[in-house]
Amino acid sequence: MADKAKIRARAADLRAGFEAAGATVAETSVLQPAEVLLDLYGEDIRGRAYVTSDALLGEQMLRPDFTVPVVQMHMAEGAEPARYTYSGEVFRRQEDDSSRANEYTQVGYEVFDRQNPAAADAEVFTLVRDAVAHLNLRAATGDIGLLAAAVAGLETTERRKAALARHLWRPRRFRALLDRFAKPTPSDSHRAKLAASSDPFAEAGPMIGLRGADEIEARIAAIKEDTTAEPISAVQVDLIDELLNVRETLPYALDRLRDIAVDMPAISGAVTRLEHRIRALSERGVDVEALEFEASYGRTSMEYYDGFVFGFYSDQRGDLPAVASGGRYDALTRVLGQGNEIPAVGGVIRPEVVLQLEGAV
């Protein structure tokens, strides 16, 4: 771990660069309301948050990142369009790897702008890229919106699509659900027998636990719907697999995605947005011919990302986390906006990782 004074100084330099680009400095409390915000982070961060209880404020947590509180602040009082920058410590418990920091600094840049989301994506990506350009990092990009659109377009029940959508960020669980939904429910399975029973409560015994009869009946109704639903077709499963296997430089990835969209028109809008983003990146001087794109990239990061995602990595130091990362989170503004929403995208840099690669520590 680098000296904290050095980290703060490097963070100040990085933030100054974002201020020079027109960002307003945003300050957020270290202590955040857990009940309101914790579910927005997703399963991984929920399990690693430092949570405590306050007699007056209720359940609180040490902030695990800046984006969610900055969005909450903007949706409550921010003007439009807006650009924010910040720097400070975030906190995440580490239960499996003691070498990973449980307290580290983030410097970020967030854009809230309705006019041109593709241009905003390119703006954030290039500003972050330029801040770490001297480190000769590898850039990776993806788009969560493609898989989300593919799931929304599946020919199956809304309940099944919702289940798959909840697990976009957990590849193994997503795969298991997709495989299960692609097969008929075995007639001798417990689920099939329960669904076929005329009175599931007949031999159930006394009611125990916290669930009431109405909740159990709702769950049984859901099981009945699922067991009688037609399996997702093998063609659609193959198209999902083909989509997730797209890993090319941006122009070739776009060509492949256009081909997939012919048979999966639900992703056409997301493919068009990718095309606009490529053009915006090129206009900002990015060599899109060499920029990597992976359709499955970002599926283990923050669950509030719902579109463009990116990261910068050191191939010479594979032991280090991403030096910088970010993405689009339009849906998060809808959740926190109490009826309002605005396209939003942001990125963060870890100054202590920058210092390690600079040889300053």
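Tabulated data for the structure shown
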item	result
Solvent-accessible area per residue for region 309-356 (1.4 angstrom probe, square angstrom)	36
Proximal charge balance of Asp238 [Cβ under 15 Å; K/R count +1, D/E count -1]	-3
Inter-site label distance for Tyr252 and Val51 at 7 Å from Cα along Cβ, in nm	4.5
Projected-area average for region 236-298 over all orientations - Cα convex hull basis, square nanometres	4.1
GluC sites (Glu not before Pro) within region 284-361: DSSP coil, no more than 12 neighbouring Cβ in 10 Å	Glu289
Whole-angstrom Cα spans of region 106-166 along principal axes, big to small	49, 28, 20
Dipole magnitude of region 241-280, debye to nearest 20 (Cβ charges: Lys/Arg +1, Asp/Glu -1, about Cα centre)	280
Cα-projected label distance for Leu320 with Ser29, points at 7 Å along beta-carbon direction, nm	3.5
Cα centroid separation - region 308-361 against region 4-25, whole Å	15
Accessible area of region 85-173 divided out per residue, in Å², using a probe of 1.4 angstrom	43
D_trans [Stokes-Einstein, Kirkwood Rh over alpha-carbon pairs] for region 50-129, 37 °C, 0.692 mPa s, µm² s⁻¹	219
Cβ-placed point charges (K, R +1; D, E -1), dipole of region 1-143 about Cα centre in debye, nearest 20	540
Descending principal axes extents, region 235-361, alpha-carbon based, whole Å	52, 40, 32
Rg/Rg_globular for region 295-340, with Rg_globular taken as 2.2 N^0.38 Å and Rg from C-alpha atoms	1.44
Mean separation of Cα contacts under 8 Å, 6 or more apart, over the residue count of region 233-361: relative contact order %	18
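The values are calculated or read from the model by the stated rules, or taken from the named source; none is laboratory data. Keep in mind the model is a prediction, meaning the values are calculated, not measured. Counting neighbours? That spans all protein chains shown, and the Cβs are built from the backbone with ideal geometry, glycine included. Protein only, heavy atoms only, side chains kept; ligands, DNA and RNA dropped before computing areas. Shrake-Rupley method; radii C 1.70, N 1.55, O 1.52, S 1.80 Å.
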